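Quick notes on the structure that follows.
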Amino acid sequence: MPRSFLSVLKNLERSSADGVLPKKADALLRRLIGFVEGGSFTKSETDKFILENFRLSSAEMTKKWNDLHFDRQKEDSTFRGQVSLLGHYLSSLFSVTPDELSEAFLISEAGVLKRMAGLLDAFALGDFDLTERFPAIARGGFLPAYTTDSAYDMKDCSREIQLLKSLDRSVVEEMLSEVDMDKLVYVMQTIREPLVKDMQAEIAGKKKKVRTASVNCGKLEFCRVYGMAKAVQPKSSANREVSAQDLGVPACRTEEVPYNLEFSRALSDILTKRSEERLTGEEAVRWSGMTEAQRDEEKRRLVRFLLAFTKEGFQHLLKRYHPLVVQEVLNGDYPAEQGAVYQFRK
């Protein structure tokens, strides 16, 4: 009797139990068996039954089915035919004959195993529209309105993939879970309205309504808090030069600190407090025991540390790190130190 996909799978499982298979092939075989037993690729009740019980002989399978289904008894020959059809389908699905399947696992034939692993990965993910995970990009009108005939290795698209990862629906939903939804709804409905709205107002002593304007104070305040508004600059004419205008809506300014360093008032206060702290006994002894050269070296180390908080120093320091490393760390995607992950983004 010619071998089938399922009979070979049964034999390979025995070889795995005997420790005959190479390590990688053995791991893939367990995935393959799980996939076959799961029967996710078929909706037929009979097919699923056969796949769950592929280790049984056709006679054993027939008896088990008939014991469970008194109203739908089957003949042994019926199951043999269905097992054969399923085997042909699986061979076609993985583009491998029963003999090639056996050889691929016994000698760990890389090409065949890689192809099978790819198919198992695809079935594990399921068939769905991945673009639905990135609504901000897919429906936001940011992409040009054309398709491309270009083809790239996905490894060369890592920056683009990282961008999508940062805009994944789950990331946005997690961020939304950390804010007051009612406040967010209020902000969004406020900024959807015009900033200045024309109105017709009744004025005492006037028969007709007078055209006036109403300012959306909430939206104006949003612009102040967001720090996004810039004054529209008037154009100079041939006869008159117009100077630049100040911001009509100034951006929120960071609180000034008494150092030429680009950090917050909180860090500035920590620096000031440290410089004004009284020496401990240990610190006093250590200072008195240091030579001038040792003191100068410690000063240089502190200077190098503080330079990292200047704009130029910070930029220079960041040059050491890959842009995608910076992006993932800012998003909290890094190995936790002592079980804690610090969220750098607010």
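Scan the stretch 62-83 and report the pairs whose first residue is assigned by TED's automatic domain parsing to the domain that holds LEU9 and whose second residue is of a type in the set (Gly, Ala, Ser), with Cβ atoms within less than 6 Å and a gap of 6+ or a chain change.
Note: pairs meeting the criteria are ASP76/SER58; ASP76/ALA59; PHE79/SER58; ARG80/SER58.
With respect to SER177, determine if the residue is under 22 Å from TYR226 (Cα atoms) and loosely packed, with under 10 Cβ neighbours inside 10 Å.
So SER177 fits the description; yes.
Might you check whether a residue that is more than 29 Å from ASP333 (Cα to Cα) and either outside any helix (DSSP H, G or I) or more than 25 Å from the chain's Cα centre (by Cα) (or both) occurs anywhere in the stretch 118-140? Walk me through how you get there before you give the answer.
To start, the set of residues in the stretch 118-140 that are more than 29 Å from ASP333 (Cα to Cα) comprises none.
No; the residues of the stretch 118-140 include none that is more than 29 Å from ASP333 (Cα to Cα) and either outside any helix (DSSP H, G or I) or more than 25 Å from the chain's Cα centre (by Cα) (or both).
Is it true that some residue in the stretch 13-24 is polar (S, T, N, Q) and closer than 16 Å to LEU101 by Cβ?
Within the stretch 13-24 (the criterion being polar (S, T, N, Q) and closer than 16 Å to LEU101 by Cβ), the answer is yes, since at least one residue qualifies.
Tell me, which residue of the stretch 163-202 that is among the hydroxyl-bearing types (Ser, Thr, Tyr) and in a helix (DSSP H, G or I) is farthest from the chain's Cα centre (by Cα)?
Filtering the stretch 163-202 for residues among the hydroxyl-bearing types (Ser, Thr, Tyr) gives 166, 170, 177, 186, 190.
Applying the additional criterion that residues be in a helix (DSSP H, G or I) yields 166, 170, 186, 190.
Details: SER166: 5, SER170: 8, TYR186: 28, THR190: 30 Å.
Among those residues, the one meeting the criterion is THR190.
Counting only residues that are assigned to a helix (DSSP H, G or I) and among the small types (Gly, Ala, Ser), which one in the stretch 281-340 is modelled with the highest pLDDT?
ALA293
The values are calculated or read from the model by the stated rules, or taken from the named source; none is laboratory data. Predicted model only: the values in this text are computed from it and were never measured. Positions of Cβ are backbone-derived with ideal geometry, glycine not excepted, and every protein chain shown enters the neighbour counts.
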